[in-house]
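What follows is one structure encoded as structure tokens, with my remarks underneath.
The values are calculated or read from the model by the stated rules, or taken from the named source; none is laboratory data. It should be emphasised that the depicted structure is a prediction, and the values quoted were computed from it without experimental measurement. Note that we place each Cβ from the backbone using ideal geometry, even for glycine, and neighbour counts take in every protein chain shown. Remember, those area values only see protein heavy atoms, side chains included, never the ligands or the DNA or RNA. Shrake-Rupley method; radii C 1.70, N 1.55, O 1.52, S 1.80 Å.
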Amino acid sequence: AFSRINILTLFPKTFYSIIYIAIPTLLTFTISGLWHGASWNFVIWGLMHGFYVFINYQYNSLFPNLKIKDSKIYEFFAIFLTFFVVTISFVPFRAETFDTFTIISKSLFGFNTFIILPEYFQKFDIFF
């Protein structure tokens, strides 16, 4: 009577993608983060990559036949976006502690007033 196919027709596609795509993807990438090291930084690193893979899956399933995907502008934007999110994802991977990760992340997006240059250059007596 009840099979997987019958139950899946009762739920919208978003519920299906959360249960059958998002949770296994996030779990897999979280485990891969823990494989790199036993720290919250690596768990966050894995979760970030899992989230990016899930967003990519959702985007491709929602817009499978976009004509703009064949353009050079789209290709450039896709490469830039991929580079940006992977670069941001390596912040928790390289930070020594969780506090360092939060300070660097806040500084990257302008939420932290981390000013080092005037104090650094004062010891040389060249600029001041």
### Task
May I ask you to order 98-111, 64-77, 33-46 by the average number of other C-beta atoms within 10 Å around their residues, highest value first?
33-46, 98-111, 64-77
### Task
Report in % the part of the accessible area of the stretch 10-101 that belongs to carbon and sulfur, leaving out ligands and nucleic acids; probe 1.4 Å.
75 percent
### Message
Could you give the length gained by full extension between Ser71 and Lys106, i.e. 0.36 nm per residue of separation minus their alpha carbon distance, to one decimal place?
### Response
9.1 nm
